[in-house]
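Beneath this line is the structure, given in structure tokens, with notes to follow.
The values are calculated or read from the model by the stated rules, or taken from the named source; none is laboratory data. Not measured: the values here are computed from a predicted model. Using ideal geometry, Cβ is built from the backbone for each residue, glycine included, and neighbour counts are taken over all protein chains shown. The area values use the complete protein model at the heavy-atom level, side chains included, leaving out ligands, DNA and RNA. Shrake-Rupley method; radii C 1.70, N 1.55, O 1.52, S 1.80 Å.
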Amino acid sequence: MHVQAPVVDRFREDVLAGLARVPKRVPPKYFYDERGSRLFEAICELPEYPITRVETALMQRHSEEMAACLGKDVWLIEYGSGNSRKSRLLLEALRPAVYMPIDISVEMLERTARELALRYPWLRIEAVWADYAEAWELPPVAAGARRVAYFPGSSIGNFDPEEARRFLASAARLVGAGGGMLIGIDLKRGVDRLTRAYDDPQGVTAQFNLNLLVRINRELQGDFVLERFRHVAFYNEARGRVEMHLQSITHQQVAVAGRRFGFFAGEAMHTENSYKYSVEEFEELARTAGFSPRRRWLAGEDPFAVLYLEA
Ligand code: AVI
């Protein structure tokens with residue numbers, strides 16, 4: 001396995017800086033410790049959260065066509081591969097020369113690489129442990145191979161549009177001229193459905209959000225009392241994004257890594273944005289980053305798109 005930036009070391013620095021800001025905020029990438037990753041898998045199974053179900057159905061229906069678009073002798077680079085479940089459909093249809101999953105969780109990466117190696121003995125796997133949003137280096141690619149980036153799950157929605165543009169531009173440089181990108185995008189839809197997807201009645205998303213405090217308590221000697229915070233999620237129509245926050249129920253002081261931070265009653269700590277696009281908006285963003293949109297596969301009832309872009 002290729003080990004890149006030691007991503008875990010920045011947690012302390014980012015949390016302390018985020019708690020000192022006004023308004024307070026912690027980057028969403030820190031949701032994904034072991035429990036957070038399991039809670040995210042549970043979110044993906046919720047009836048209120050359509051992304052995984054709808055994207056999987058699109059992949060089931062169109063993976064052969066997608067593979068034909070991506071071409072032969074492909075190095076498939078997957079950003080934030082997680083359990084690679086969705087990728088299996090593509091791997092089977094495409095049979096890439098190399099599969100390069102990149103993930104922030106080393107446990108998940110190792111487990112997934114082992115499972116895939118058993119399932120697909122023909123597949124060459126080059127796993128990369130890295131934070132895909134940071135600078136990281138691609139292991140050498142065989143001459144003549146075509147690079148295609150795969151970024152499913154609408155994870156691009158967790159970047160602000162300018163970050164998303166920079167990320168796409170770096171992906172375009174990575175795959176090089178003639179390379180491609182296959183990307184899943186959650187689309188704009190009714191406010192109620194969007195809100196329910198991030199505030200489910202079972203409270204799984206609330207646990208996922210609050211787990212950030214559990215992680216801070218454990219890894220940074222924090223003393224957050226979970227019962228004094230509540231999960232808040234709403235659609236910010238002006239910005240085209242679902243926002244998640246952890247809101248302090250009372251006026252309180254919290255210690256983290258030996259420093260103290262005050263919260264007033266009702267103060268919200270911003271933990272995630274999940275941007276929703278129209279296909280046209282996203283394709284325009286991709287163009288400004290150096291990609292040409294080539295194909296779209298669209299789902300109707302729960303609007304979602306898988307797009308193929310070429311650099
Ligand atoms: C990973 N990402 C695309 C998810 C999303 O929908 O923004 C994370 C998530 N947050 C709450 N529920 C799911």
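Answer with yes or no whether Asn217 is within 15 Å of the ligand (Cβ to nearest atom) and within 28 Å of Phe261 (Cβ to Cβ). Quick ask: steps written out before the conclusion?
On the way: within 15 Å of the ligand (Cβ to nearest atom): no; within 28 Å of Phe261 (Cβ to Cβ): yes.
Judged against the criteria, Asn217 is not a match.
Condition check for Glu280 on (1) under 24 Å from Pro201 (Cβ atoms); (2) open to solvent by 40 Å² or more (accessible area, probe 1.4 Å); (3) away from the ligand (no atom under 16 Å from the Cβ); (4) not β-branched (Val, Ile, Thr): one failure, at (1).
Being within 13 Å of the ligand (Cβ to nearest atom), under 20 Å from the mean Cα position of the chain (by Cα) and part of a helix (DSSP H, G or I) is the requirement here; does Arg166 meet it?
Details: within 13 Å of the ligand (Cβ to nearest atom): no; under 20 Å from the mean Cα position of the chain (by Cα): yes; part of a helix (DSSP H, G or I): yes.
Judged against the criteria, Arg166 is not a match.
Here's the yes/no breakdown for (1) of a type in the set (A, V, I, L, M, F, W, C); (2) more than 28 Å from Ala57 (Cβ to Cβ); (3) touching a helix residue (DSSP H, G or I) at 6+ places or on another chain (Cβ under 6 Å):
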{"residue": "Ser248", "(1), (2), (3)": "no, yes, no"}
{"residue": "Tyr275", "(1), (2), (3)": "no, no, yes"}
{"residue": "Glu280", "(1), (2), (3)": "no, no, no"}
{"residue": "Ser292", "(1), (2), (3)": "no, no, no"}
{"residue": "Arg295", "(1), (2), (3)": "no, no, yes"}
{"residue": "Leu298", "(1), (2), (3)": "yes, no, no"}
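For the range 24-68, the set of residues classified as β-branched (Val, Ile, Thr), outside any helix (DSSP H, G or I) and within 12 Å of the ligand (Cβ to nearest atom) is empty. Pick from the range 108-124 the residues that are over 24 Å from Tyr30 (Cβ atoms) and not basic (Lys, Arg): which of them is surrounded by the most Cβ atoms within 10 Å (Cβ to Cβ)? Only one residue tops the list, namely Leu116.
Listed here are the residues, each with its yes/no results for (1) in contact (Cβ under 8 Å) with a residue 24 or more places away in the chain; (2) open to solvent by less than 20 Å² (accessible area, probe 1.4 Å); (3) assigned by the TED database to the domain that holds Ala177.
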residue: Gly71; (1), (2), (3): yes, no, yes
residue: Asn83; (1), (2), (3): yes, no, yes
residue: Arg88; (1), (2), (3): yes, no, yes
residue: Pro96; (1), (2), (3): yes, yes, yes
residue: Ala143; (1), (2), (3): no, no, yes
residue: Ser154; (1), (2), (3): yes, yes, yes
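Of the residues Ser105, Ser63, only one is farther than 28 Å from Asn211 by Cβ, polar (S, T, N, Q) and crowded, with 19+ Cβ neighbours inside 10 Å; which? Walk me through how you get there before you give the answer.
On the way: Ser105 fails: farther than 28 Å from Asn211 by Cβ.
Unique residue meeting the criteria: Ser63.
Kindly evaluate Glu272 against the criterion of being open to solvent by less than 30 Å² (accessible area, probe 1.4 Å) and modelled with pLDDT of 95 or more. In short, yes.
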